[in-house]
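For reference, the structure discussed in these notes is given below.
The values are calculated or read from the model by the stated rules, or taken from the named source; none is laboratory data. As the structure is a computational prediction, the values presented were derived from the model and not from experiment. So basically every Cβ, Gly included, is an ideal-geometry build from the backbone, and we count neighbours across all protein chains shown. Remember, those area values only see protein heavy atoms, side chains included, never the ligands or the DNA or RNA. Shrake-Rupley method; radii C 1.70, N 1.55, O 1.52, S 1.80 Å.
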Amino acid sequence: MSEPLVVIGNGMATARFVDELATRALGRYAVAVIGEEPRLAYNRVLLSSVLAGAVPLSEIELKPSKWWTDRGVTLLYGHRAVAIDHDARRVRLAGGATLPYGHLVLATGSKPIRLPVVGNDLPGVMTFRDLGDVAALQAAAVKGTSAVVIGGGLLGLEAAYGLVRAGVDVAIVHLMDRLMERQLDARSAAMLKRVIEKQGVTVHLGAQTAAIRGGRRAEAVELADGRVLRADLVVMAVGIRPNTELAADTGLNVDRGIVVDDGLQTSLAGIYAIGECAEHRGVCYGLVEPAYEQAQVLARRLAGQAAKYAGSVLATNLKVSGVHVFSAGDFLGRPGTSEILFSESGLGIYRKLVLDGDRLAGAVLFGDTADGLWYLDLIRSGAPVGGIRDGLAFGRALTERKAA
Ligand SMILES: Cc1cc2nc3c(=O)[nH]c(=O)nc-3n(C[C@H](O)[C@H](O)[C@H](O)COP(=O)(O)OP(=O)(O)OC[C@H]3O[C@@H](n4cnc5c(N)ncnc54)[C@H](O)[C@@H]3O)c2cc1C
């Protein structure tokens, strides 16, 4: 008889995990997936495109319903798991039903952070994490209204882009001195700011939110320097926090995320964590690629193969506000590293490569990211690039032609 395996969370990590497991050990486990969101797993990365009206809702499902059925998976979506009894090896759902497990995988993702300021709970103050948020934003994004997006990271910029395209008057308020500081250096961030401003978004850098003002609903955002920005709608995009409540209540070791070892196992044997809720070697990743790598390693282990997760090289390859952006590794550099810069401001193209000795340590690409994965391979492999250094900034095709 198949061993019961329960997965909590029906997000991106789970869809990949089930796919990898079914490929390797179909039938070995009786898999049940419990998901709080009332729908099949979807591509969360595409929520920005849905908000911007560029992709229809119908196109973001990761796998059709039949795909899950064909793999024998019991899908319980629209159900929240509320407790784990590890002695009895059962998961309890809201409503009281329980499910038995032999192995349990936590893939509960993250929650958006709400700034602890006065007025953060007023109607009109929203977050941007799931399809419910997108529906609420779309309903509120009426032409002519004013919105303030708090946070100039990826999510904030994506929300701003979607709103401005809907005819909303948008301002971004960002605490740091440049946009997307986790992915961009000062120069590429300045280029991005110019693009966004051209689209009609006002950007306030080095700006701290003091309060959200309003009577029955949000009306304005007050900054610490006293400025007041009109806001019928406020989007908080100030970061995420791993969803660890259930794990902590079960007594699992939780720091920022659910602590896992190189086998993705938590502090209790038989319980694993993958994706944004997991913390591995002190790192919680907020991107989909590490979640997929973890999903693959865990599936291989549960299929009886030898596999270890040693961490992921952080890389971001995306289109933000219509511009292609890529960054990976140590893209800021540090004492002892050197830089190669290439810029074609007329075309809106910029490249920065950071070298540690004769190895590529990091890269930022702005405008043209076609060579991003090639650079990422060089960073990951640690291959010496001294011999191709002269052509490196011009990309793969030119470098390989020169070398031939
Ligand atoms: C708008 C947006 C744009 C993004 N763009 C990018 C991008 O360009 N590139 C990139 O790499 N990443 C991007 N991300 C991040 C990416 O979506 C996440 O890294 C990825 O979804 C993580 O997968 P996960 O399975 O860990 O979490 P999730 O996909 O969040 O899935 C977790 C699921 O678990 C459910 N859940 C939680 N607790 C329970 C419970 N107790 N019971 C039942 N179900 C529960 C949640 O409801 C959720 O559906 C973006 C995210 C957003 C919101």
*Which condition does Val228 not pass, out of (1) out of contact with any Gly (no Cβ under 9 Å at 6 or more places or on another chain); (2) more than 20 Å from Gly119 (Cβ to Cβ), if it passes all the others?*
(2)
*Tell me the strands (runs of 3 or more DSSP E) entirely within segment 274-340 that contain at least 1 residues that are of a type in the set (A, V, I, L, M, F, W, C) and more than 11 Å from the ligand (Cβ to nearest atom).*
323-329
_Only one of Ala81, Ala30 is open to solvent by less than 80 Å² (accessible area, probe 1.4 Å) and either within 14 Å of the ligand (Cβ to nearest atom) or within 19 Å of Ala247 (Cβ to Cβ) (or both). Can you tell me which?_
Ala81
*Just for segment 240-273: of the residues that are buried (at least 17 other Cβ atoms within 10 Å of the Cβ) and hydroxyl-bearing (Ser, Thr, Tyr), which one is nearest to the ligand (Cβ to nearest atom)?*
Thr244
*Quick one: count up the residues across segment 13-27 that are of a type in the set (A, V, I, L, M, F, W, C) and near the ligand (Cβ under 10 Å from one of its atoms).*
3
*Within segment 189-202, is even one residue over 20 Å from the mean Cα position of the chain (by Cα) and either at positive phi or within 16 Å of the ligand (Cβ to nearest atom) (or both)?*
yes
*Checking Asn10 against (1) in contact with a His (Cβ under 8 Å, 6 or more places away or on another chain); (2) near the ligand (Cβ under 8 Å from one of its atoms); (3) under 20 Å from Gly102 (Cα atoms), which test does it fail?*
(1)
_Residue within segment 113-124 that is closer than 24 Å to Glu37 by Cβ, assigned to a strand (DSSP E or B) and at pLDDT 95 or above present_ = no
*asked:* Show the residue pairs meeting these rules: Cβ distance below 6 Å; 6+ apart or different chains; first residue within segment 29-55 and more than 19 Å from Lys66 (Cα to Cα); second residue crowded, with 18+ Cβ neighbours inside 10 Å and aromatic (Phe, Trp, Tyr).
replied: Ala52/Tyr161
*Residues being surrounded by fewer than 17 Cβ atoms within 10 Å (Cβ to Cβ) and either within 10 Å of the ligand (Cβ to nearest atom) or not hydroxyl-bearing (Ser, Thr, Tyr) (or both): count how many of those fall in segment 94-109.*
6
*Residues in segment 389-403 that are open to solvent by 20 Å² or more (accessible area, probe 1.4 Å) and closer than 21 Å to Glu344 by Cα: how many?*
6
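Please specify each residue of segment 99-112 satisfying the condition of being outside any strand (DSSP E or B) and under 14 Å from the mean Cα position of the chain (by Cα).
Ala107, Thr108, Gly109
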*Residues of segment 356-374 satisfying the condition of being surrounded by fewer than 19 Cβ atoms within 10 Å (Cβ to Cβ) and assigned to a strand (DSSP E or B)*: Asp356, Arg359
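Which residue is nearest to Thr127 (Cα to Cα), if the candidates are limited to segment 33-42 and must be near the ligand (Cβ under 8 Å from one of its atoms) and open to solvent by less than 40 Å² (accessible area, probe 1.4 Å)?
Within segment 33-42, the match that is nearest to Thr127 (Cα to Cα) is Glu37.
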*asked:* Taking the criterion of being in contact with a Pro (Cβ under 8 Å, 6 or more places away or on another chain), open to solvent by less than 10 Å² (accessible area, probe 1.4 Å) and within 16 Å of the ligand (Cβ to nearest atom), would at least one residue in segment 215-235 satisfy it?
replied: no
*Unmet criterion (only one of (1) surrounded by fewer than 18 Cβ atoms within 10 Å (Cβ to Cβ); (2) within 27 Å of Gly275 (Cβ to Cβ)) for Gly162*: (1)
*Which residues, counting only those in segment 167-190, are surrounded by fewer than 19 Cβ atoms within 10 Å (Cβ to Cβ) and of a type in the set (A, V, I, L, M)?*
Leu175, Met176, Ala186, Ala190
*What do you reckon, is Ala278 surrounded by 21 or more Cβ atoms within 10 Å (Cβ to Cβ) and under 28 Å from Arg89 (Cβ atoms)?*
yes
*asked:* Just checking, does segment 173-191 include any residue being within 20 Å of Arg230 (Cβ to Cβ) and without any contact (Cβ under 8 Å) to a residue 12 or more places away in the chain?
replied: no
